[in-house]
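Have a look at the structure below before the remarks.
The values are calculated or read from the model by the stated rules, or taken from the named source; none is laboratory data. It should be emphasised that the depicted structure is a prediction, and the values quoted were computed from it without experimental measurement. Cβ sites come from the backbone with ideal geometry, for glycine too, and all protein chains shown count toward neighbours. When the accessible area is computed, the model is the full protein with side chains, heavy atoms only, and any ligands, DNA or RNA have been set aside. Shrake-Rupley method; radii C 1.70, N 1.55, O 1.52, S 1.80 Å.
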Amino acid sequence: MHKIAEVEIQHDIMVANRKLAKKNQKILDKSNVFAVDVLGAIGSGKTSLIENLIQKLDYPVAVIAGDVISKFDAGRFEKYNVPVVGLNTGKECHLDAHLVEHAFHDMPLDEVDVLFIENVGNLICPVDFDLGAHMRMVVISVSEGDDTVEKHPLIFKEADLVVINKVDIADAVGADQDKMVADVLKLNPDVQVIKTSLKTGKGFKEIINALEKARNE
Amino acid sequence: MHELSMADAIVKTVIEAAEKNDAIEVLEVTIEVGQMTLLNPEQIKFMVGVLSEDTILEGAKFHMEEVPIEIDCECGYKGKIGADDLDHYTPVLNCPECDERNFDIIAGRECNVKNIKIEKRDEDA
Ligand SMILES: Nc1nc2c(ncn2[C@@H]2O[C@H](COP(=O)(O)OP(=O)(O)OP(=O)(O)O)[C@@H](O)[C@H]2O)c(=O)[nH]1
Ligand SMILES: [Zn+2]
Ligand SMILES: [Zn+2]
Ligand SMILES: [Zn+2]
């Protein structure tokens, strides 16, 4: 004779990630590291922005670089002689707290002031996965189209800083950059939005100031 | 999409619970997916089915329950906020009472393996 039984499980897979994220933040705080989760569309300029920041910031910086199947971005950062850990996500479309915690093992956290975590280029999936960073910076560019914000609202709601990059080519691609700013503010009225061109340097100082401010808060 | 990694975690969770309870078969699984997540319940269901092959879960029935977004607002409002099927993937959340966003989200972000129905050996058998 067999019998049928109901078993309560109540195991929330999202909560499991959020718990790991909290643990990550504790690890970072213990070493006095300010961590920034850099999210955004494919090719929007995440790597370029971090490269620029590495060169301009005058305190020790390190990078965790997420890539889907290569360690391509990690290779770009290594040139600057800063600690870099490349994270291969396999087929995954986002980093998660568990993967990031693994990267901490290979990172001299005690020698680092600011850690940039470049997420996989994707405006959708990373939203669900808190990494334990202190700040979420979302980088998009005008070349994805000026309806990008409207189409992916959640990532902007959860952002602490939004960068709209490549404004130097806005006219060429027919994108209304101010509409993009307005769309972000409609979703998230308190967030700081910075229009940048990494090509001309426009807006870059504002990003540094915003990072400084967040770090000292 | 990360439905695959979710499905993988779900299958692992269910198998662990089933084995702990001496199941010989899992008959039904109920999973709650919050409207605030960017997960597609139908896709999860499909992938869980694929991953269940050749496990104790094979052939189990999966019930997907959507969990509405619920907030606890500073203005005192505590409850559900509307996100109907149409704007399911684009919820622009404002408190229905004060129209502000000073709230904690208390439901709608879960991917919760709620319970399972199993067939198990009779203890006296
Ligand atoms: N015109 C223009 N091009 C830019 C700007 N910023 C970055 N680019 C170019 O855009 C391309 C993509 O930049 P990346 O920094 O690799 O973008 P990414 O977001 O790291 O890309 P993934 O990691 O693949 O998602 C490169 O060819 C950059 O040189 C900008 O402000 N203006
Ligand atoms: Zn990159
Ligand atoms: Zn995904
Ligand atoms: Zn309210």
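Within the range B:1-44, if we keep just the residues that are surrounded by fewer than 21 Cβ atoms within 10 Å (Cβ to Cβ) and part of a strand (DSSP E or B), the residue that is nearest to ligand 2 (Cβ to nearest atom) turns out to be B:GLU32. Only one entry of A:ALA170, A:ALA159 meets the criterion of being under 24 Å from A:LEU28 (Cβ atoms), among the hydrophobic types (A, V, I, L, M, F, W, C), outside any strand (DSSP E or B) and in contact (Cβ under 8 Å) with a residue 24 or more places away in the chain, and that entry is A:ALA159. The residue that is farthest from ligand 4 (Cβ to nearest atom), counting only those in the range A:16-72 that are within 14 Å of another protein chain (Cβ to nearest Cβ) and either part of a loop (DSSP other than H, G, I, E, B) or open to solvent by 10 Å² or more (accessible area, probe 1.4 Å) (or both), is A:VAL68. B:MET47 - would you say it is crowded, with 17+ Cβ neighbours inside 10 Å, modelled with pLDDT under 95, farther than 18 Å from A:GLU8 by Cβ and more than 9 Å from chain A (Cβ to nearest Cβ)? The answer is yes for B:MET47. All of (1) at pLDDT 85 or above; (2) open to solvent by 20 Å² or more (accessible area, probe 1.4 Å) hold for B:ASP87 with one exception: (1). Here the condition is being modelled with pLDDT of 95 or more and open to solvent by 10 Å² or more (accessible area, probe 1.4 Å); of A:ILE140, A:ILE169, A:ILE164, A:ILE117, it holds for A:ILE169 alone.
Candidates in the range B:54-82 are the residues that are assigned to a loop (DSSP other than H, G, I, E, B) and away from ligand 4 (no atom under 16 Å from the Cβ); of these, the one that is farthest from the other protein chains (Cβ to nearest Cβ) is B:ASP54. Check the range A:78-96 and report whether any residue there is more than 14 Å from chain B (Cβ to nearest Cβ), surrounded by 20 or more Cβ atoms within 10 Å (Cβ to Cβ), within 15 Å of ligand 2 (Cβ to nearest atom) and of a type in the set (Phe, Trp, Tyr). No, that holds for no residue. For A:VAL85, the requirement of being in a strand (DSSP E or B) and farther than 27 Å from A:ILE164 by Cβ is met.
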